[in-house]
Each structure stands twice: as structure tokens, then as C-alpha cells.
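The structure under discussion appears below in the form of C-alpha cells.
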Amino acid sequence: MKLLGVALALCCAATGVRGQADFIALRAVRLDGAGGSARTAPIIHAQAQRSGSLFGLPLRAGGAVWLDLKDPESSLLNIEELTLSREWDRAVLRFGIGDVPWGISDIRSPIDVLTPRAALWNSWDGPRLGQPLAGLTLFGGGGTLEVLAVPFSRPAHLGGYSWSTWSGLSIESGDWDDRFAGGARMTRTFGPADLAISYIDGWDRRLGTQQGSSTEAVVDHPRIRQLGFELEWAFQTPVSLRSEGVVSRSDGVWGGQILAGVEWSPTPYLSLLGEQSLSTRRADARSPLEDDLLLSARVLTEDLRLQGRLFLDPRSWNRNYSIALRWNVGELTSLELELIGSGGDPLREPPLAFRQPGAILVSLVRYF
């Protein structure tokens, strides 16, 4: 709530404030867990973004709230961005609360280790949580260099559901901490290809756990140093290739992960993606998706958006999946449906990774 107060104070003091991408949604969520446990809750979800100026500096603000009407203590307030920036000809300095969207994959990027997420009804694609940061971006003929500092981080948010690991342990979240993290990322374009090289020295903020007792696991953020790359290549319209990977030292143990995929868009309304990820730490993986094949299809028309994702483990045939549908019933109103689930042999998944319960999300959304 202190962060909310700061956000409101800055927005009220800002001049030339402009709004965009505002909406309010009424969502009904049902989660079916292991052992027959289930939870159904109505949720009010609102989101807004603003831009303006403060003290003569550009101001960007954005946030969202998920109000759980059944269990208000499980509600989430997320300041996604509240940053001021100072711009020069070849440099930009930003500071405040924000996100670190490094990496290509928006779900399981090995580069994307600095931003915590919330697990509301999805254990691998929840909202990204804003946190205090400062960053300097330098522009030059050789590319773009971004240097970033994260002085402390907020904990993962686990919502009102009793999350569990694949081995059956209940999961507890952590607290705010003041462990410093930093990184640098250099990007450059070579004709049809975009290349990025990054180095991170900090703490792995992805959802992962360590065993706390015989019945409980706690969200864990291990020390990490890693060198990574990202490559996107518009090989031939409408085909693009992508790859990213890291060599890292996490809690004193060396490891690596590489991800490669191809996206094909035969028409402006259809996109198909195949992507394989391989990791050296299968048994100790922080996510059950690290060694899985992703098959994804997206259909987008003026009034309809349909996306299906299937993560398939080629060794065990275990699976995680989601189907999301959005139907625009008016210029400013939409109906949405999302199904999420997992299946397979728990003994063949990383024992301390989050297990995705079956979930159904039905929403009525109004845009402004």
C-alpha cells in the first residue's frame, strides 16, 4: 500500500497526463488441485496506464489490481511501471519502479531471471511484478547498451490458492529483500538479424522452490551469474527463427539452457510456433517446461483471438497446456475464456517445480 500511495502522489503531481489501455474486468476463476481440492472465486481486475511529465521529466505510470472478492487478503496490487526518465542525444536514464523484459520467449526465457511473477491461476505465465530499478541506455553506431541495477525485489505472489510442487509439497512465498542485482545487455542489428549479448549478476527471480520441511517448500531465489545470448532472424517472409541460451553458475553449480524455435505466419491472421528447450539441470529444474517442446497456434481476426499452447516433454509425454479465447462483442467490450492444465506422471517431473492445477477463467471485460 505504500507503493500505491507513492504512485498516486506522483500521478497527481504530474502535468499533461494522458491515459491509455484502461479496462475493468469481472473474472470468475476455478482451480482444481490435487486430492480433490478446489477453489472458486470472483475477481475484479482493473488496469490503467498514464504518461505525462513531472519536474520537467517524462513520467510513465501503469498498474493493475486483482481484487479477490472471496478472500481479500489474497488480492494483488501491482505497480507495473512508475518511472521518470532523462533523455540526451545518445543516452536515456530511467529510474523508479518497472520491469526488465530481457529475453525472447515471454514464458520460459533463460535470460528473463530478474523479474518476479504472480501465480494467480497460472504457474508459468502469471503477471510480471514491478520492482525498484535504475537503468542507463546508451545508443551508438555499434548497437545499444543497457546497464541495469535492481537494489531490492518484491516476493512472488501466490494468490489465494494452495500451490504445490510436483512431489506434493505445499508452497509458501517469501518476503521483500534487499539483495542487489545488476546486469548489462548489448543489442545490435545485422541486416535481417537481431543479436543481444547479456550478463547478469544477481538472484534468480523465476518461480522456483527449495524444500523447507517434509511437507512444505518455500519460494527460493538462488544466487546466479550468467552469460546469455538472444538471436532473432527474419529468415524468409513469413518465417522467422529465434534462439536464446545461457551459461550460468547458480548457487555454485554450473549449468546451461538453450532454446530454439521457428515461427511461421502464412497469413496475417494465423501464426504457428514450434520451440524446443534443453537444459542441463533436468532433475533440479525450477520449471517443468525447461526441457519441453512447445507447439503454439494463434488466430487473430477483427473480433476474435484464439491461442493454444501445448508443452510436451518428449521423454515422458507429460504435458502442460492452455487455450485462451477472446471475443469482442462490441467496440469496447469482450468476453474471454481460458483453460489451463497439466497431466502426466508426477515422478517424471522436477520434484520441486510448481505444479499447474486445472484452471478455468471466464471474464467480462470493459475497455475505456
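Readers should treat all values here as calculations from the given coordinates under stated rules, not as data from a laboratory. In this text the structure is predicted, and so the values were computed from the model without any measurement. Reconstructed Cβ throughout: ideal geometry from the backbone, glycine too, with neighbour counts over all protein chains shown.
Which one, 174, 61, 300, projects farthest toward the positive side of the charge dipole computed for segment 28-367 from Cβ point charges (K/R +1, D/E -1)?
The listed residue farthest towards the positive side: 61.
Assuming R0 = 30 Å, what is the FRET efficiency of residue 251 and residue 195, from their Cβ-Cβ distance, to the nearest 0.05? Kindly include the intermediate steps, with their values, before the conclusion.
Numbers: r = 29 Å, r/R0 = 0.98.
So, using R0 = 30 Å, E works out to roughly 0.55.
By the gyration tensor of its Cα atoms, with a ≥ b ≥ c the square roots of the eigenvalues, what is the shape of segment 45-162: rounded for a/c under 1.5, prolate for a/b over b/c, or oblate? List each step's numbers first, then the result.
Values: a/c = 2.78, a/b = 1.61, b/c = 1.73.
Taking the square roots of the gyration eigenvalues as a ≥ b ≥ c, segment 45-162 is oblate.
Quick one: Cα centre-to-centre distance for segment 82-115 and segment 240-317, in angstrom?
22 Å
Taking 0.36 nm per residue of sequence separation and subtracting the Cα-Cα distance, how much length would be gained by fully extending the chain between residue 276 and residue 188, in nm to one decimal? Mind showing how you got there, number by number?
Details: separation 88, 0.36 × 88 = 31.68 nm, distance 2.45 nm.
Going from the current span to full extension adds 29.2 nm.
Would you give the gap between the C-alpha center of segment 25-69 and the C-alpha center of segment 337-351, rounded to a whole Å?
25 Å
Say each of residue 234 and residue 85 gets a label point 7 Å from the Cα, pointing the same way as Cα to Cβ; how far apart are those two points in nm?
2.2 nm
Please compute the modelled spin-label separation between residue 23 and residue 300, points set 7 Å along Cα→Cβ, answer in nm with one decimal.
Result: 1.3 nm between the two label points.
Given the options 256, 56, 33, state which has the largest fluctuation in a GNM of the chain using a 10 Å cut-off (strictly under) for Cα springs.
56
Relative to the present Cα-Cα distance, how much length would full extension add between residue 152 and residue 134 at 0.36 nm per residue of separation? Present the calculation step by step, with values, prior to reporting the outcome.
Numbers: separation 18, 0.36 × 18 = 6.48 nm, distance 1.12 nm.
Taking 0.36 nm per residue and subtracting the Cα distance, the gain is 5.4 nm.
How much length, in nm to one decimal, is gained on full extension between residue 225 and residue 264, taken as 0.36 nm per residue of separation minus their Cα-Cα distance? Don't jump to the answer; show the numbers that get you there.
Working: separation 39, 0.36 × 39 = 14.04 nm, distance 3.39 nm.
Full extension of this stretch gives 10.7 nm more.
For Cα pairs less than 8 Å apart in space and 6+ apart in sequence, what is the mean separation divided by the residue count of segment 28-367, i.e. the relative contact order in percent? Mind dumping the intermediate values first?
Details: 914 pairs, mean separation 42.0, N = 340.
Computed over segment 28-367, the figure is 12 percent.
Rounded, prolate or oblate for the chain? Axes are the square roots of the Cα gyration tensor eigenvalues, ordered a ≥ b ≥ c, and the cut-off for rounded is a/c under 1.5.
Details: a/c = 1.23, a/b = 1.10, b/c = 1.12.
Verdict is rounded for the chain.
Using a Gaussian network model of the chain whose springs link C-alpha atoms within less than 10 Å, name the residue from 355, 242, 86 with the highest mean-square fluctuation.
86
Please give, to one decimal in nm, the separation of the simple spin-label points placed at residue 32 and residue 75, each 7 Å out from Cα toward the Cβ.
Distance between the two pseudo-spin positions: 3.0 nm.
What FRET efficiency comes out for the pair residue 54/residue 360, r = Cβ-Cβ distance, R0 = 51 Å, nearest 0.05?
Values: r = 42 Å, r/R0 = 0.82.
Calculated value: 0.75.
Nearest 500 deg cm²/dmol is fine: what mean residue ellipticity at 222 nm does the chain get from its DSSP H runs of n ≥ 4 alone, each adding -39,500 (n - 2.57), divided by its residue count? Kindly include the intermediate steps, with their values, before the conclusion.
On the way: 1 runs with 12 residues, N = 368.
Value at 222 nm, helices only, nearest 500: -1000 deg cm²/dmol.
Please list 3J(HN,Hα) in residue order for segment 232-237, calculated via the Karplus relation 6.51 cos²θ - 1.76 cosθ + 1.60 where θ = phi - 60°; whole Hz, with x for glycine and proline.
10, 9, 6, 4, 6, 4
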